[in-house]
1. Pairs needed: first member in segment 118-147, free of Cβ contacts under 8 Å to residues at least 40 places away in the same chain; second member anywhere, assigned to a loop (DSSP other than H, G, I, E, B); C-beta distance under 8 Å; at least 6 residues apart or different chains.
2. Take the conditions among the basic types (K, R) and modelled with pLDDT of 80 or more and apply them to K85. Does it pass?
3. Show the residue pairs that are 6+ apart or on different chains and have beta-carbon atoms under 6 Å apart, the first residue being within segment 47-66 and closer than 14 Å to F87 by Cα, the second being at pLDDT below 85 and surrounded by 12 or more Cβ atoms within 10 Å (Cβ to Cβ).
4. Do we find a residue being aliphatic (A, V, I, L, M), outside any helix (DSSP H, G or I) and in contact (Cβ under 8 Å) with a residue 60 or more places away in the chain anywhere in segment 94-115?
5. Go through segment 128-156 and give me each residue that's within 18 Å of Y104 (Cβ to Cβ) and part of a helix (DSSP H, G or I).
6. Of everything in segment 49-67, what is in contact with a strand residue (DSSP E or B) (Cβ under 6 Å, 6 or more places away or on another chain), of a type in the set (A, V, I, L, M) and not in a loop (DSSP other than H, G, I, E, B)? Give them in sequence order.
7. Just wondering, is there one or more residues in segment 68-75 that are closer than 27 Å to P46 by Cβ, in a helix (DSSP H, G or I) and not charged (D, E, K, R)?
8. Filter segment 116-127 down to the residues that are part of a loop (DSSP other than H, G, I, E, B) and buried (at least 16 other Cβ atoms within 10 Å of the Cβ) and list them by number.
Amino acid sequence: MKKSALFLTLNILLVGCQQEDVPQTEKKVVLNEKTKAQMQIDKTLPAQELNLFYQKNAILGNEIEDREKGAYLVYFYSPSCPICKRFSGVIKEYENQKDAYSVYKVDLSNLENAKIREKYKIDGAPTWILFDGNEKKELNRGLGLMFATEIPLKQK
């Protein structure tokens, strides 16, 4: 009896191992043109230039509403975030545009900025918020990778 049970078990295993894998149907993901283009955005600055970029106009979160009269842009980032690194060149490109708002940078990994995520409802990085300095309110915001041309410029 034991021999027949062992023989039957071996046959089942051998037959099971010889069967070919059944190919699964491929799932196609359709991306729109904007998504395809955004996936290719990589404006990562070299390490030394990236450090200088983050230091220029760096502020603490509690200084956001005290920046200036009129509108200005605040860029929230984390230095260890790969997407933020890719987006850094986009922000730099934006800063160089003629009608760009002033840009201030807030490091979300800084412990002094811990409450800022909650206060301004920062769901992820990179995030930018366009503030109205006169009325101390948010005018617009963006999250994730995008082109410099998608960030608002001053109205003429």
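The values are calculated or read from the model by the stated rules, or taken from the named source; none is laboratory data. None of the values given here were measured: they were computed from a predicted structure. Reconstructed Cβ throughout: ideal geometry from the backbone, glycine too, with neighbour counts over all protein chains shown.
1. G124/G144; E138/Y120; N140/P152; G142/I151; L143/D123; L143/G124; L143/P126
2. Details: among the basic types (K, R): yes; modelled with pLDDT of 80 or more: yes.
So K85 fits the description; yes.
3. Qualifying pairs under 6 Å: F53/L45.
4. Of the residues in segment 94-115, the ones aliphatic (A, V, I, L, M) are 100, 103, 106, 108, 111, 114.
Still in the list and also outside any helix (DSSP H, G or I): 100, 103, 106, 108, 114.
The next check asks that each one be in contact (Cβ under 8 Å) with a residue 60 or more places away in the chain; those that pass are none.
Taking every residue of segment 94-115 in turn, none turns out to be aliphatic (A, V, I, L, M), outside any helix (DSSP H, G or I) and in contact (Cβ under 8 Å) with a residue 60 or more places away in the chain.
5. Looking only at segment 128-156, we keep the residues that are within 18 Å of Y104 (Cβ to Cβ), and these are 128-143, 148, 151-154.
Matches in segment 128-156: A148 only.
6. Result: A58, I64.
7. No, every residue in segment 68-75 fails to be closer than 27 Å to P46 by Cβ, in a helix (DSSP H, G or I) and not charged (D, E, K, R).
8. We begin by selecting, within segment 116-127, every residue part of a loop (DSSP other than H, G, I, E, B); these are 120-126.
Across segment 116-127, the qualifying residues are Y120, I122, A125, P126.
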